Amino acid sequence: MQEADMADSPKKISILLASDFPILSDSLIAIFKGTKDLKLVGCATSLDDLVQQMVKLHPEVVLVDISITCDRFSDLLAQISKRNARVLVINQDLSPGQTLEALRHGVHGVVGRRTTPDLLCKCVRAVVSGDIWVGRGVTAELVEFLRNQALHHDGTKPAAAPEGILPANGNGDSPENRFGLTKRELQIVNALVEAQTNKDIAETFGISEYTVKHHLTNIFDKLGVYNRVELALFAINHRLCGTGVAAAPTELAENKSKTR
């Protein structure tokens, strides 16, 4: 019976904390002890200590309290990338620009200090599975920041996209032809880049929120992205913004009459 239980138990995701606040490490130990698949394996209080512990412990996730990084943040990410660990940054006050810069430097997620234990655990699991995580509270601000960057860009260099997303091929194909998006899907992409919520999009096009979620799932699959932030980055990088944004008035009227 004991051997069977061991075989059925999931492999724990190893997490290394980089923080100089002891109370944070104590809190995380308590949080992760209450899970079956997450384990805090160590806590580093300096960058040098972090490198040593990474070599020794080989963590899958490094949870970084931004207060210890200071001006050596890029050095920290370079050290972590050598060990193939996922990076989660803990910070409540990063601006959209700073969040984007962190993503460009290889961060896989940004969480606030007020994040609930359940959401933090979900975030860790998400980045281990390959997702990029940005808290819902800053997503709209980040998308708006990206949109403004695109509107004021001189056109010589596209906005940065997540690793693995290639720039537009420049062959003149329409977005629908290049990525297999339908007209409605392209409209929803543009609405999302306009920082609209699912509810806003549903009201704009006279459809249900369930239908919006269904369209987003299809869009994620077609473009190979995992969340709204990656989709916004992809859309800006591939110049999908401004194409197929607005539905015709007659189309909106017809859709609204169908939902009544």
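For a quick check of your reading of the model, give me the residue pairs whose first member lies in the range 52-66 and is at negative phi and among the β-branched types (V, I, T), whose second is surrounded by fewer than 19 Cβ atoms within 10 Å (Cβ to Cβ) and modelled with pLDDT under 90, with beta-carbon atoms closer than 6 Å and at least 6 apart or on different chains.
Partner pairs satisfying both residue conditions: I66/N91.
Name, by its number, the condition in (1) modelled with pLDDT of 85 or more; (2) more than 20 Å from the chain's Cα centre (by Cα) that does not hold for E254.
(1) is the only condition that E254 fails.
Across the range 32-54, which residue is nearest to D65 (Cα to Cα) among those that are basic (K, R) and not in a helix (DSSP H, G or I)?
So in the range 32-54, the residues basic (K, R) come out as 33, 36, 39.
Okay, now just the ones that are also not in a helix (DSSP H, G or I), so 36, 39.
On the way: K36: 24, K39: 17 Å.
Taking the candidates together, the pick is K39.
So which residues in the range 20-54 are among the small types (G, A, S) and over 20 Å from N91 (Cβ atoms)?
Filtering the range 20-54 down to residues among the small types (G, A, S) leaves 25, 27, 30, 34, 42, 44, 46.
The answer is A30, G34, G42.
Being farther than 16 Å from L76 by Cα and of a type in the set (D, E) is the filter; apply it to the range 8-63 and report the residue that is modelled with the lowest pLDDT.
Once the filter is applied, the top-ranked residue is D8.
Can you pull out every residue in the range 75-117 that is in a loop (DSSP other than H, G, I, E, B) and closer than 20 Å to F21 by Cα?
Pass one, the range 75-117, residues in a loop (DSSP other than H, G, I, E, B): 83-85, 91-95, 105-108, 112-116.
Within the range 75-117, N91, Q92, D93, L94, G112, R113, R114, T115, T116 qualify.
Can you tell me which residues in the range 39-51 are among the small types (G, A, S) and either touching a residue at least 60 places away in the same chain (Cβ under 8 Å) or in contact with a Leu (Cβ under 9 Å, 6 or more places away or on another chain) (or both)? Talk me through it step by step, then tell me what you get.
From the range 39-51, those among the small types (G, A, S) are 42, 44, 46; that's our starting set.
Selection gives G42, A44.
Return the pair list, or none, for Cβ contacts closer than 6 Å from residues in the range 221-238 that are assigned by TED's automatic domain parsing to the domain that holds G106 to residues that are part of a loop (DSSP other than H, G, I, E, B) and of a type in the set (V, I, T), at least 6 apart or on different chains.
none
Restrict the check to the range 80-89 and report whether at least one residue is farther than 17 Å from V110 by Cα, assigned by TED's automatic domain parsing to the domain that holds V110, buried (at least 20 other Cβ atoms within 10 Å of the Cβ) and small (G, A, S). I'd like the intermediate steps shown before the answer.
Taking the range 80-89 and keeping what is farther than 17 Å from V110 by Cα, we get 82-84.
Right, trim to assigned by TED's automatic domain parsing to the domain that holds V110 and you get 82-84.
Add one more test, that the residue is buried (at least 20 other Cβ atoms within 10 Å of the Cβ), and what stays is none.
There is no residue in the range 80-89 that is farther than 17 Å from V110 by Cα, assigned by TED's automatic domain parsing to the domain that holds V110, buried (at least 20 other Cβ atoms within 10 Å of the Cβ) and small (G, A, S).
Consider only pairs whose beta carbons are under 6 Å apart and that are at least six residues apart or on different chains; among these, list those whose first residue lies in the range 85-97 and is modelled with pLDDT of 75 or more and whose second residue is of a type in the set (G, A, S) and crowded, with 21+ Cβ neighbours inside 10 Å.
L88/G109; V89/A102
For every residue, the table says whether it meets (1) modelled with pLDDT of 90 or more; (2) in a loop (DSSP other than H, G, I, E, B).
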| site | (1), (2) |
| --- | --- |
| R184 | yes, no |
| Q187 | yes, no |
| A195 | no, yes |
| K199 | no, no |
| Y210 | yes, no |
| L216 | yes, no |
| I219 | yes, no |
| A232 | no, no |
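The values are calculated or read from the model by the stated rules, or taken from the named source; none is laboratory data. Owing to the predicted nature of the structure, the values given are computational and were not obtained by experimental measurement. Note that each Cβ is placed from the backbone with ideal geometry, even for glycine, and that neighbours are counted across all protein chains shown.
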